[in-house]
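The next block holds one structure in the form of structure tokens; read it before the comments.
The values are calculated or read from the model by the stated rules, or taken from the named source; none is laboratory data. No experiment lies behind these values; they were computed from the predicted model shown. We place every Cβ from the backbone using ideal geometry, glycine too, and count neighbours over all the protein chains shown.
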Amino acid sequence: DAGVTQSPTHLIKTRGQHVTLRCSPISGHKSVSWYQQVLGQGPQFIFQYYEKEERGRGNFPDRFSARQFPNYSSELNVNALLLGDSALYLCASSLGPPNSPLHFGNGTRLTVT
Amino acid sequence: GENVEQHPSTLSVQEGDSAVIKCTYSDSASNYFPWYKQELGKRPQLIIDIRSNVGEKKDQRIAVTLNKTAKHFSLHITETQPEDSAVYFCAANNNAGNMLTFGGGTRLMVKP
């Protein structure tokens, strides 16, 4: 049974560029959440989507956006990249809110130079 | 918003000893508290979780306790093994149950 899959695994971008990260949830899971993990810190909540609607948004600027597709996969978009956006971006899927256990993917390592 | 503090930041134990990691949270409405294990370069993996309607939960060598009055919860690992070495994160949910706030992590090192 496939877990949460994320692509790409690694990405190097230049300041000012934009990036799109992709996530496919576990089969049967209808909710996808995005977290940012800076090296040496715990994950920080960015977004949650459930049934294609945004159900929660963390304290991130409007440069960050996301969407969920009819097949429950999701994209995270970041515009006007800053050096501080360098991090591991984790996608997690769950059956749905509230409080269903989150299952994380392996993440996308984004480096902004 | 929710604030989760985790201690200690690093913990070194001898193989076979017990390890305890403690977390406190600020939002009294939080009612779901998972623990994740993250090995170097890998994804966080859920190892155990507890909901506010119970005070303790155990799964083999791992147990979690919750004190809602004091707003703290703890992870206990008994008979530690070298493969337990990893970073452990505690987390607490928000009132809507749609996001987790994570602690800063504890690097556990189990020496053989």
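Here is a yes/no grid of residues against (1) more than 23 Å from A:Val112 (Cβ to Cβ); (2) not acidic (Asp, Glu):
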residue	(1), (2)
A:Leu39	no, yes
A:Gln44	no, yes
A:Gln48	yes, yes
A:Gly58	no, yes
A:Phe69	yes, yes
A:Asp85	no, no
Task: Considering residues of the stretch B:95-110 that are at pLDDT below 95 and either in contact with a helix residue (DSSP H, G or I) (Cβ under 7 Å, 6 or more places away or on another chain) or surrounded by fewer than 20 Cβ atoms within 10 Å (Cβ to Cβ) (or both) only, the residue farthest from A:Glu53 (Cα to Cα) - done: B:Asn95
Open item on the list: Suppose we filter A:Arg22, A:Arg55, A:Arg109 for residues that are touching a His at 6+ places or on another chain (Cβ under 8 Å) and either surrounded by 14 or more Cβ atoms within 10 Å (Cβ to Cβ) or closer than 22 Å to B:Gly104 by Cβ (or both); which single one remains?
Closed with: A:Arg109
Open item on the list: Checking B:Ser30 against (1) buried (at least 21 other Cβ atoms within 10 Å of the Cβ); (2) closer than 23 Å to B:Thr10 by Cα: exactly one of these is not met. Which one?
Closed with: (2)
Task: When residues of the stretch A:77-113 are limited to those that are under 14 Å from A:Trp34 (Cβ atoms) and in contact with a helix residue (DSSP H, G or I) (Cβ under 7 Å, 6 or more places away or on another chain), the one farthest from the other protein chains (Cβ to nearest Cβ) - done: A:Val78
Open item on the list: Looking at B:Ser52 and the list (1) out of contact with any strand residue (DSSP E or B) (no Cβ under 6 Å at 6 or more places or on another chain); (2) free of Cβ contacts under 8 Å to residues at least 12 places away in the same chain; (3) not charged (D, E, K, R), which single condition is not satisfied?
Closed with: (2)
Task: Cross-chain or 6+ apart pairs with Cβ under 7 Å, the stretch B:7-29 first and touching a residue at least 24 places away in the same chain (Cβ under 8 Å) and closer than 18 Å to A:Gln41 by Cβ, then buried (at least 17 other Cβ atoms within 10 Å of the Cβ) and of a type in the set (Phe, Trp, Tyr) - done: B:Ile21/B:Tyr88; B:Cys23/B:Phe73
Task: Residues satisfying the stated conditions in the stretch B:8-18, i.e. away from chain A (no Cβ under 13 Å) and part of a strand (DSSP E or B) - done: B:Leu11, B:Ser12, B:Val13, B:Gln14
- [ ] Check B:Ala96 against each of (1) touching a strand residue (DSSP E or B) at 6+ places or on another chain (Cβ under 6 Å); (2) within 13 Å of another protein chain (Cβ to nearest Cβ) and name the one condition it does not meet.
- [x] (1)
TODO: Restricting attention to the stretch A:42-76, report how many residues are in a strand (DSSP E or B) and away from chain B (no Cβ under 14 Å).
DONE: 6
Open item on the list: If I ask for residues that are within 14 Å of the chain's Cα centre (by Cα) and more than 12 Å from every other protein chain (Cβ to nearest Cβ), which ones from the stretch B:19-38 would you list?
Closed with: B:Ala19, B:Val20, B:Ile21, B:Lys22, B:Thr24, B:Tyr25
Open item on the list: Against the condition more than 24 Å from A:Arg57 (Cβ to Cβ) and in contact with a helix residue (DSSP H, G or I) (Cβ under 9 Å, 6 or more places away or on another chain), how does B:Ile77 come out, does it pass?
Closed with: yes
Task: Evaluation of B:Gly41 against (1) in contact with a strand residue (DSSP E or B) (Cβ under 6 Å, 6 or more places away or on another chain); (2) surrounded by fewer than 18 Cβ atoms within 10 Å (Cβ to Cβ); (3) within 24 Å of B:Lys111 (Cβ to Cβ); (4) within 12 Å of chain A (Cβ to nearest Cβ) (one fails), failing number - done: (1)
- [ ] Could you list all residues from the stretch A:1-41 that are away from chain B (no Cβ under 13 Å), under 15 Å from the mean Cα position of the chain (by Cα) and polar (S, T, N, Q)?
- [x] A:Ser7, A:Thr20, A:Ser24
